[in-house]
Amino acid sequence: MKEKIIAAYEALADRYDARIDHKPHNAYYDRPNTLKLIGNVQGKTVLDAACGPGKYAEILLAQGANVTGFDISPRMVELAKQRNKADGDFFVHDLSQPIHRFKDESFDTVFCALAMHYLKDWNPSMQEFCRLLKPNGSLVISIEHPFFEHLYFKSKKYFEVEAVKATWSGFGKRIKMPSYRRPLVECIQPITDNGFYIDQLIEPKPIPEFEKYDQRRFKELNAFPSFMHIRAIKRY
Ligand SMILES: C[S@@+](CC[C@H](N)C(=O)[O-])C[C@H]1O[C@@H](n2cnc3c(N)ncnc32)[C@H](O)[C@@H]1O
């Protein structure tokens with residue numbers, strides 16, 4: 001599964017980067033809500049887990065954060081470096097593995113936008129996020145809404161974590177993207193079992209700019225959420 005995810009993103013990376021500034025689901029649905037939960041980052045140390053082509057990093061660097069980002073796709077990391085020139089620090093790393101280069105309590109904020117669904121078991125990553133955060137530091141994740149995924153993948157096994165595959169056509173060439181869908185409890189419990197309490201949960205609606213790019217989906221997302229955003233605080 002992991003090799004297929006890497007291959008899909010290596011093939012997609014340049015087109016993803018070219019569209020990320022205005023792609024409606026990212027620019028006018030995911031980012032406004034994730035950034036709202038991240039809050040003021042002036043002078044803060046921020047870890048962007050699964051940073052993609054570094055669009056979040058670009059925004060947070062401009063707001064005065066000290067940003068470190070990683071991604072499993074070498075091409076995505078290259079694009080994040082190009083986008084952010086000499087700013088930020090970007091490296092290739094797998095979200096499911098510990099990051100030995102950082103000491104405990106290195107970051108004020110850790111966030112992971114639209115990537116947790118590539119992992120079957122969230123527990124090791126949550127443990128590592130907790131280790132890396134300062135006490136009271138915040139973890140922000142955006143994920144595909146578990147009820148949306150259940151319907152989209154026509155699952156008959158709600159309570160299981162299932163390997164699924166979607167066909168993406170929003171980035172030009174059609175691409176098969178594997179991931180894992182999970183029930184709501186599997187989005188919450190790995191967070192609360194690994195040193196966090198949940199502080200905020202958003203079932204987002206798109207911001208008005210979305211409608212200019214895609215009227216049909218704007219209407220759909222105002223009727224039923226595709227994504228969910230969670231902010232958790234390190235308990236100790
Ligand atoms: C939908 S993109 C989101 C990128 C970025 N967070 C954003 O919102 O613009 C998902 C990213 O997760 C990365 N990814 C997938 N599995 C990963 C893993 N196990 N470790 C690190 N990155 C991973 C992909 O390479 C891709 O860049």
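The values are calculated or read from the model by the stated rules, or taken from the named source; none is laboratory data. These figures come from a predicted structure and were not determined experimentally. Positions of Cβ are backbone-derived with ideal geometry, glycine not excepted, and every protein chain shown enters the neighbour counts.
Criterion applied to Leu79, Leu114, Leu60 was being under 25 Å from Tyr213 (Cα atoms), among the hydrophobic types (A, V, I, L, M, F, W, C) and out of contact with any strand residue (DSSP E or B) (no Cβ under 8 Å at 6 or more places or on another chain), and the one residue passing it is Leu79. Quick check on my filter: what residues within the stretch 213-222 are of a type in the set (D, E, K, R) and farther than 21 Å from Lys36 by Cβ? Passing the criteria: Asp214, Arg216, Lys219, Glu220. Of the candidates Lys85, Lys2, the single residue that is within 9 Å of the ligand (Cβ to nearest atom), surrounded by fewer than 21 Cβ atoms within 10 Å (Cβ to Cβ), among the basic types (Lys, Arg) and at pLDDT below 95 is Lys2. Taken together, the residues in the stretch 196-232 that are crowded, with 19+ Cβ neighbours inside 10 Å, under 20 Å from the mean Cα position of the chain (by Cα) and either at pLDDT below 95 or farther than 15 Å from His150 by Cβ (or both) amount to 9.
Within the stretch 5-23, the residues that satisfy the criterion of being part of a helix (DSSP H, G or I), within 10 Å of the ligand (Cβ to nearest atom) and not small (Gly, Ala, Ser) are Ile5, Ile6, Tyr9, Glu10, Leu12, Tyr16, Asp17.
For the stretch 104-122, residues that are outside any loop (DSSP other than H, G, I, E, B) and within 11 Å of the ligand (Cβ to nearest atom) total 6.
Scanning the stretch 24-45 for any residue that is crowded, with 16+ Cβ neighbours inside 10 Å, assigned to a helix (DSSP H, G or I) and β-branched (Val, Ile, Thr) turns up at least one such residue. When the stretch 88-109 is filtered for residues that are buried (at least 18 other Cβ atoms within 10 Å of the Cβ) and either more than 28 Å from Glu149 (Cα to Cα) or touching a Cys at 6+ places or on another chain (Cβ under 9 Å) (or both), the ones remaining, listed by number, are Gly88, Phe90, Leu95, Ile99, Phe107, Asp108. Residues that are away from the ligand (no atom under 13 Å from the Cβ) and either in a loop (DSSP other than H, G, I, E, B) or not β-branched (Val, Ile, Thr) (or both) within the stretch 46-75 comprise Leu61, Ala62, Gln63, Gly64, Ala65, Asn66, listed in sequence order. Take the conditions within 8 Å of the ligand (Cβ to nearest atom), within 25 Å of Pro135 (Cβ to Cβ) and not acidic (Asp, Glu) and apply them to Ser96. Does it pass? Yes; evaluated as a whole, the condition is true for this residue.
The single condition among (1) basic (Lys, Arg); (2) more than 27 Å from Ala8 (Cβ to Cβ); (3) in contact with a helix residue (DSSP H, G or I) (Cβ under 7 Å, 6 or more places away or on another chain) that Lys212 does not meet is (3).
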